[in-house]
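Asks: So that we are looking at the same thing, I have put the structure below in structure tokens.
The values are calculated or read from the model by the stated rules, or taken from the named source; none is laboratory data. Here the structure is a predicted model, which is why all the values come from computation and not from measurement. Here the Cβ positions follow ideal geometry from the backbone for every residue, glycine too, while neighbour counts run over all protein chains shown.
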Amino acid sequence: EALKKTPLFDFHKSHGGKMVSFAGWSLPVQYQDSHLESHLHTRRHCSLFDVSHMLQTKIFGQDRVKMMESLVVSDIAELKPNQGTLTLFTNEEGGIIDDLIVTNTSDKYLYVVSNAGCREKDLALMQNKASELRSAGWDVNLEVTDHALMALQGPSAAHVLQAGVSDDLRKLTFMTSAVMDVFGVPGCRVTRCGYTGEDGVEISVPAEKAVHLAEALLKNQEVKLAGLAARDSLRLEAGLCLYGNDIDERTTPVEGSLGWTLGEITSGCPSPCLKKNVAMGYVDGQYSKIGTPLMVEVRKKQQEAVVSKMPFVPTRYYTLK
């Protein structure tokens with residue numbers, strides 16, 4: 001099957017992006033800068049990631065909140081206008097089908113962002129539930145948006161973005177969202193969140209304007225392009241789970257929220273910031289206390305490890321004190 005291409009595919013190629021297959025898409029793993037350089041640039045300045053492969057869905061209707069609450073573990077009804085939450089689709093056994101972000105927009109729909117690798121099962125889950133509920137007289141319907149999605153992440157992200165918007169970004173706190181013009185592109189949904197542990201935003205932009213917006217952001221020398229390699233090491237330093245590695249349908253939400261430890265290792269990499277190896281995984285509860293020394297097997301060799309607090313690198317999300 002041919003790989004799907006994001007609206008920024010040609011843009012990546014023209015900027016030296018090394019393209020790889022990921023969840024059925026052709027995406028940049030890195031650019032001319034090394035993985036290490038991209039990772040540290042994100043921590044020190046800010047980087048632009050193409051995350052258009054993520055599934056973006058809008059759920060309309062008077063019963064949209066009740067429908068979503070029938071599928072996820074979170075209290076969606078208590079979300080304030082334009083507030084979002086990380087939540088989980090779960091199966092009948094309590095296993096995690098996918099992790100996702102649900103935003104209760106002020107425009108009378110729920111905005112849902114979920115993983116590309118789970119696209120088919122997530123979409124089927126939501127469509128089947130919507131159809132079932134409509135048959136019972138509920139008011140709910142689903143729309144998949146074809147917008148591109150870009151993540152601007154790092155300590156200078158808000159400053160860079162502020163130059164291109166009239167809204168005061170100091171009012172946009174972590175996990176809140178607003179629709180605004182961004183560098184002359186109308187109808188962009190800006191959500192203050194991300195997958196790096198840094199302050200930053202995800203921008204849902206009309207596909208035909210994605211290249212224009214990327215070029216506008218890159219005019220600021222603070223901004224560099226970053227790919228999948230940096231995205232993965234950044235999220236691991238921040239202690240953020242990757243679906244299919246750290247959580248899946250065999251994992252319950254309770255297990256997934258335990259202190260991440262070693263044993264069965266689910267994610268691991270050298271931490272560019274800490275200059276040591278870090279990993280997430282599972283052990284029996286009796287071995288989960290912080291500071292517990294462990295032995296782990298890496299490529300058939302025994303290595304010393306110690307149970308640590310999460311995240312490995314402190315997060316710097318923008319919140320009001």
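Asks: Might you check whether a residue that is buried (at least 18 other Cβ atoms within 10 Å of the Cβ), touching a Lys or Arg at 6+ places or on another chain (Cβ under 7 Å) and more than 13 Å from residue 46 (Cβ to Cβ) occurs anywhere in the range 214-228?
Replies: The answer is no; no qualifying residue exists.
Asks: Turning to a different aspect of this structure: Assuming residue 27 fulfils every condition listed in (1) touching an Asp or Glu at 6+ places or on another chain (Cβ under 9 Å); (2) part of a loop (DSSP other than H, G, I, E, B) apart from one, which condition is it?
Replies: Failed condition: (2).
Asks: Of the residues 89, 183, which is at positive phi, crowded, with 18+ Cβ neighbours inside 10 Å and not small (Gly, Ala, Ser)?
Replies: It is 183.
Asks: Give me a count of the residues in the range 1-48 that are touching a Phe, Trp or Tyr at 6+ places or on another chain (Cβ under 9 Å), small (Gly, Ala, Ser) and surrounded by fewer than 17 Cβ atoms within 10 Å (Cβ to Cβ).
Replies: Counting residues in the range 1-48 that are touching a Phe, Trp or Tyr at 6+ places or on another chain (Cβ under 9 Å), small (Gly, Ala, Ser) and surrounded by fewer than 17 Cβ atoms within 10 Å (Cβ to Cβ) gives 1.
Asks: Yes or no: residue 125 of a type in the set (A, V, I, L, M) and within 26 Å of residue 197 (Cα to Cα)? Give the derivation first.
Replies: Numbers: of a type in the set (A, V, I, L, M): yes; within 26 Å of residue 197 (Cα to Cα): no.
No.
Asks: Condition (residue is over 22 Å from residue 177 (Cα atoms), assigned to a loop (DSSP other than H, G, I, E, B), of a type in the set (Asp, Glu) and modelled with pLDDT under 95) applied to the range 273-293: is it met by at least one residue? Please lay out each step first, then the result.
Replies: Narrowing the range 273-293 to residues over 22 Å from residue 177 (Cα atoms): 273-293.
Subsequent filtering for residues that are assigned to a loop (DSSP other than H, G, I, E, B) retains 273-275, 283-284, 288-292.
When the remaining residues are screened for being of a type in the set (Asp, Glu), the result is 284.
Filter once more, keeping what is modelled with pLDDT under 95: 284.
Yes.
Asks: Moving to a separate point now. For the range 284-313, enumerate the residues that are touching a Phe, Trp or Tyr at 6+ places or on another chain (Cβ under 9 Å) and among the β-branched types (Val, Ile, Thr).
Replies: Once the filter is applied, which keeps residues that are touching a Phe, Trp or Tyr at 6+ places or on another chain (Cβ under 9 Å) and among the β-branched types (Val, Ile, Thr), the range 284-313 yields only 307.
Asks: Moving on to the next point. Just one of (1) under 22 Å from residue 147 (Cβ atoms); (2) in contact with an Asp or Glu (Cβ under 8 Å, 6 or more places away or on another chain); (3) aliphatic (A, V, I, L, M) trips up residue 102, so point out which.
Replies: Among (1) under 22 Å from residue 147 (Cβ atoms); (2) in contact with an Asp or Glu (Cβ under 8 Å, 6 or more places away or on another chain); (3) aliphatic (A, V, I, L, M), the lone unmet condition for residue 102 is (2).
Asks: Do you know which of the residues in the range 51-86 that are β-branched (Val, Ile, Thr) and assigned to a strand (DSSP E or B) is nearest to the chain's Cα centre (by Cα)?
Replies: For the range 51-86, the residue satisfying everything is 85.
Asks: Restricting the range 123-137 to residues that are buried (at least 17 other Cβ atoms within 10 Å of the Cβ) and not charged (D, E, K, R), which is nearest to residue 203 (Cα to Cα)?
Replies: Restricting to residues being buried (at least 17 other Cβ atoms within 10 Å of the Cβ) and not charged (D, E, K, R), the top hit is 126.
Asks: Under 8 Å between Cβ atoms, at least 6 apart or on separate chains: pull out the pairs that start in the range 73-95 with a residue that is in the same structural domain as residue 118 (by TED's automatic domain parsing) and end on any residue that is modelled with pLDDT of 95 or more and among the small types (Gly, Ala, Ser).
Replies: Correct list of pairs: 81/106; 82/106; 82/177; 82/178; 83/177; 84/177; 89/114.
Asks: Take the conditions outside the structural domain of residue 249 (by TED's automatic domain parsing), basic (Lys, Arg), modelled with pLDDT of 95 or more and not in a helix (DSSP H, G or I) and apply them to residue 129. Does it pass?
Replies: So residue 129 does not fit the description; no.
Asks: In addition: Would you mind listing the helices (runs of 4 or more DSSP H) fully within the range 171-257 where at least 2 residues are under 25 Å from residue 104 (Cα atoms), without any contact (Cβ under 8 Å) to a residue 60 or more places away in the chain and not acidic (Asp, Glu)? Walk me through how you get there before you give the answer.
Replies: Details: elements: 210-218, 228-237, 253-256.
Passing ranges: none, list empty.
Asks: Being within 27 Å of residue 227 (Cβ to Cβ) and part of a loop (DSSP other than H, G, I, E, B), is that true of even one residue in the range 111-121?
Replies: Scanning the range 111-121 turns up at least one residue that is within 27 Å of residue 227 (Cβ to Cβ) and part of a loop (DSSP other than H, G, I, E, B).
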